[in-house]
Structures are given as C-alpha cells and as structure tokens.
1. Only one of the listed values, [x] 1.28; [y] 1.33; [z] 0.95, was derived from the coordinates as Rg/Rh (Cα atoms, Kirkwood Rh); which label is it?
2. Please work out how much length the chain gains when fully extended from residue 70 to residue 38, using 0.36 nm per residue of separation minus the C-alpha to C-alpha distance, in nm with one decimal.
3. May I ask for the net charge around residue 60, where only other residues with Cβ less than 14 Å from the Cβ of residue 60 are counted and Lys, Arg are +1 while Asp, Glu are -1?
4. Can you tell me which of 28, 53, 20 moves the most in a GNM of the chain? Springs connect C-alpha atoms under 10 Å apart.
5. Determine, from the Cβ-Cβ distance of residue 29 and residue 52 and an R0 of 25 Å, the FRET efficiency 1/(1 + (r/R0)^6), rounded to the nearest 0.05.
Amino acid sequence: MLSTILNEVISLQPLAALGAALGASLAAIGAGIGIGKIGSSAMEAIARQPEAAGDIRSNMIVIGALIEGVALFAVIVSALAIFIK
C-alpha cells in the first residue's frame, strides 16, 4: 500500500513544483501587501500623533521583520518542496 502511494507521489512531482512555485509567489505577494499596510497605517498614526513617532516607527519595524520572517519561512518550505524528492 505504501509503495503505491509513494509511486503516485513521485508521478506528481511536476505538479508539486508548480504548487511550490505558486506558494512562494503568494507568500511574497502577501508579505508585500502586509508591509504596505503597516507602512500606510504607521504614517497615518504618526500624522495623528507626531509625538509618538518613535514608538510607532519601532513597532512598525518589529512587525515588518516578523512578516518578513514568515514570508521567508514560506519561501524556504516551497523551495524544499521543489528540491526534496
């Protein structure tokens, strides 16, 4: 039974590569949208309260780094799906 499942998985390798590429591209697009929303919200918050600009900016950088980390993790997982057989 297991050998039959493994043979089916191996035959779907090109489809897995397509899925991994699609996953990596969606992760990159999602990260771009997320960081864009963070930037626009931070600029709006700084315009409303200029005295809190330092705190807002530091929080924006931390959240941006977390989003980039998740996007990088998603791209690495997608790359592993392509190269590991």
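Since every read-out is calculated from the coordinates, none of them should be taken as a lab result. Here the structure is a predicted model, which means the values were calculated and not measured. Positions of Cβ are generated from backbone atoms using ideal geometry, with glycine treated the same way; all protein chains shown enter the neighbour counts.
1. Of the labelled values, this structure produces [x].
2. Working: separation 32, 0.36 × 32 = 11.52 nm, distance 1.51 nm.
Extra length available between residue 70 and residue 38 comes to 10.0 nm.
3. Details: positive: 37, 57; negative: 44, 55, 68.
Charge balance in the 14 Å sphere: -1.
4. 53
5. Working: r = 31 Å, r/R0 = 1.23.
Once rounded, the FRET efficiency stands at 0.25.
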